[in-house]
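Peer 1: Provided herewith is a single structure, encoded as structure tokens, for subsequent inquiry.
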Amino acid sequence: MGTRRTTLPGVGTQYDFTTEGGQHISVVVHKDGRRFIGFYDRDDPDACLLSVPLSSEEATALAHLIDAAPIDAVRTDGIDLVTEHIHVTGKSPYAGRTLGDTRARSRTGASIVAVLRRTAATPSPGPDFRLSIGDTLVVVGTREGVDALVEIIAGG
């Protein structure tokens with residue numbers, strides 16, 4: 001499977017590939033960060049059957065879900081642990097608040113082992129670390145604990 005890259009002047013870049021089954025799929029990455037995934041008719045490679053817009057966070061989440069070699073499944077002595085990235089959005093009740101305010105470990109058993117920011121990474125952040133919109137939390141725990149922490153950070 002090869003990927004064809006096409007520059008779209010004034011728009012961004014389009015990436016096209018064809019699956020082993022003959023399905024043509026493209027991803028258009030706009031200069032402003034928006035992304036669209038398109039599915040095309042096998043008999044007419046110019047006929048787009050469906051186009052799905054994805055935010056940057058959604059594109060990242062989808063990439064993690066379909067990654068053929070995920071790094072997030074770790075087995076230790078029969079205990080399943082997962083590592084996951086959780087995005088702090090403007091909807092999060094913890095944007096602008098400290099990590100300690102989340103009480104993540106005591107509420108879920110999951111640990112926030114690092115915070116990724118656009119310009120830097122903070123490994124082992126302390127309870128006084130202030131979360132910002134756009135931060136990505138690197139979390140380790142059981143599937144249930146990580147899922148619970150996703151809900152807490154999202155405000156669910």
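Peer 1: So which of 80, 101, 44 is at pLDDT below 90, farther than 26 Å from residue 30 by Cα and not basic (Lys, Arg)?
Peer 2: 80
Peer 1: Restricting the first residue to segment 43-68 and requiring it to be polar (S, T, N, Q), which pairs with a second residue that is at pLDDT 80 or above meet a Cβ separation below 6 Å and a spacing of at least six or different chains?
Peer 2: 51/36; 51/38
Peer 1: Let me ask something else about it. Would you pick out the residues in segment 7-43 that are open to solvent by less than 50 Å² (accessible area, probe 1.4 Å) and polar (S, T, N, Q)?
Peer 2: Matches in segment 7-43: 13, 14, 19, 23, 26.
Peer 1: Taking segment 114-140 as the search range and keeping residues that are among the hydrophobic types (A, V, I, L, M, F, W, C) and free of Cβ contacts under 8 Å to residues at least 40 places away in the same chain, which one is surrounded by the fewest Cβ atoms within 10 Å (Cβ to Cβ)?
Peer 2: 120
Peer 1: A follow-up question, please. Given (1) on the phi > 0 side of the Ramachandran plot; (2) more than 20 Å from the chain's Cα centre (by Cα); (3) modelled with pLDDT under 90, where does residue 7 come up short, assuming only one miss?
Peer 2: Failed condition: (1).
Peer 1: Shifting gears a bit: Regarding residue 125, is this residue over 27 Å from residue 33 (Cα atoms) and assigned to a loop (DSSP other than H, G, I, E, B)?
Peer 2: Yes: the conditions hold for residue 125.
Peer 1: Let me ask something else. Please go through segment 79-132 and pick out each residue that is out of contact with any Phe, Trp or Tyr (no Cβ under 6 Å at 6 or more places or on another chain) and among the hydroxyl-bearing types (Ser, Thr, Tyr).
Peer 2: 83, 89, 92, 94, 98, 106, 108, 111, 119, 122, 124, 132
Peer 1: Collect the residues in segment 123-138 that are farther than 17 Å from residue 64 by Cβ and not aromatic (Phe, Trp, Tyr), keeping them in residue-number order.
Peer 2: Correct list: 123, 124, 125, 126, 127, 128, 130, 131, 132, 133, 134.
Peer 1: Further question: Could we say that residue 69 is open to solvent by 30 Å² or more (accessible area, probe 1.4 Å) and at pLDDT 85 or above here?
Peer 2: No, not satisfied.
Peer 1: Right, something else. Can you tell me how many residues in segment 19-35 are of a type in the set (Ser, Thr, Tyr), at pLDDT below 85 and assigned to a strand (DSSP E or B)?
Peer 2: Going through segment 19-35 one residue at a time, the tally reaches 0.
The values are calculated or read from the model by the stated rules, or taken from the named source; none is laboratory data. Because the structure is predicted, anything quoted here is derived from the model rather than measured. With ideal geometry, Cβ positions are generated from the backbone for all residues, glycine too; neighbour counts draw on all protein chains shown. Areas reflect the complete protein model, heavy atoms only, side chains present, ligands, DNA and RNA absent. Shrake-Rupley method; radii C 1.70, N 1.55, O 1.52, S 1.80 Å.
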